[in-house]
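Right, one structure below, let's go through it.
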Amino acid sequence: MLTVVSVETNTGSLVCSSQQARQELGAAADMVRLHVKHGDESQFLLDTSVEVPVDLLVKEVTSIYNGRLKVSRICAEMEELSEHGTTLPPNMQGLTDEQIEELKLKDEWETKCVPSGGSVFKKDEIGRRNGHAPNENMKKVLQKTMEEAKALISKKQAEANVCVTMDLVKDALDQLRGAVMIVYPMGLPPHDPIRMEFENIEDLSGTQAGQMVIEEPAAQLWWAGKELLRKQKLADYVGKNEKTKIIVKIQKKGHGAPAREPVISEEEQRNMMMYYHRRQEELKKLEEDEDISYLNADWADSSSLKRQFQGVKDIKWRPK
């Protein structure tokens, strides 16, 4: 079973410790800005101090990274919840109606976990959920909250130069939890993945989602082809300048050094290619439109001044 770091307990104390460290170190308004990536994929921005211990930094980055994954997983399940209701007990999932009837199985949570305002039946074709979905108004509540939560931790925040902190991740989780409580005031079944995510008892073993999670003890941060060792401070690698902006990559131990960042970004490379393409088109057009008739003009005659001094400029030779 894959254990995911608790967002509400472990990470809460982690953020507090990190913030206390910054206050004790007298971090000014100018801070080091980290652009965190996983592989070549941008994740989020984070402000920190050069004096922060790398060990604390790794824990904070890992918590935010895993917290964003948790929000994404919950949103994916809430989308299914809004369409097909709560999940069936594990022993009923994937069975046809005839098989359930033959085995005399019953979902005892169906009558306990009823959405506010009643349900609308919409059969789940894969047999994972009971089909008793929330009505249209409650569905909109879930969908609107999902959009807002995903926007808080979106990768687009990095493009907008907005940092993602653990507080933002916790806000997103609180919004999702509140929306579920509004739509399902009696709560969700204990086996529902959304409830398990909120209670930090989710089992991701053997899933693609589990492969994406990076456990904190196995997490590493890399910068400029070098691993940031936990016993050091960030200043040991980037210097004392608090206005520095660097790209760090998070990954699991044992995967070797990640690929280094290209000298120029994709956007710069694209702009350069566009410029050279336009330049080639311009040169090609000039070659096609080349006109050398101007060489016959008087002002283009290199011997014109010499003939003027010799007085032979306008002499014309005619046969007698």
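The values are calculated or read from the model by the stated rules, or taken from the named source; none is laboratory data. Remember, it's a predicted structure, so these values are computed and weren't measured experimentally. Heads up, the Cβs are rebuilt from the backbone with ideal geometry, glycines too, and the neighbour counts pull from every protein chain shown. Surface areas here come from the heavy atoms of the whole protein model, side chains and all, with no ligands, DNA or RNA. Shrake-Rupley method; radii C 1.70, N 1.55, O 1.52, S 1.80 Å.
Brief remarks follow.
- From the list Glu101, Glu60, Glu51, the one residue that fits, being in contact (Cβ under 8 Å) with a residue 24 or more places away in the chain and either farther than 15 Å from Leu221 by Cα or in a loop (DSSP other than H, G, I, E, B) (or both), is Glu51.
- Filter pass, Glu125 being in a loop (DSSP other than H, G, I, E, B) and open to solvent by 50 Å² or more (accessible area, probe 1.4 Å): yes
- If you go through segment 47-56 and pick out every residue that is out of contact with any Lys or Arg (no Cβ under 7 Å at 6 or more places or on another chain) and either open to solvent by 10 Å² or more (accessible area, probe 1.4 Å) or at pLDDT 95 or above (or both), you end up with 1.
- The helices (runs of 4 or more DSSP H) located wholly in segment 152-210 that include 3 or more residues which are among the hydrophobic types (A, V, I, L, M, F, W, C) and either open to solvent by 10 Å² or more (accessible area, probe 1.4 Å) or in contact with a Leu (Cβ under 8 Å, 6 or more places away or on another chain) (or both) occupy 166-183, 193-198.
- Each residue in segment 283-297 was checked for being open to solvent by less than 100 Å² (accessible area, probe 1.4 Å) and modelled with pLDDT of 75 or more, and 1 pass.
- Restricted to segment 128-140, and to residues there that are of a type in the set (Lys, Arg) and not in a loop (DSSP other than H, G, I, E, B), the residue that is least open to solvent (accessible area, probe 1.4 Å) is Arg129.
- Those residues of segment 211-249 which are hydroxyl-bearing (Ser, Thr, Tyr) and part of a loop (DSSP other than H, G, I, E, B), in sequence order: Thr244
- Scanning segment 66-98 for residues that are part of a loop (DSSP other than H, G, I, E, B) and open to solvent by less than 60 Å² (accessible area, probe 1.4 Å) gives Gly85, Thr86, Leu88, Pro89, Met92, Gly94, Leu95.
- Residues of segment 110-122 that are part of a loop (DSSP other than H, G, I, E, B) and either exposed (fewer than 12 other Cβ atoms within 10 Å of the Cβ) or of a type outside the set (A, V, I, L, M, F, W, C) (or both): Glu110, Thr111, Lys112, Pro115, Ser116, Gly117, Gly118, Lys122.
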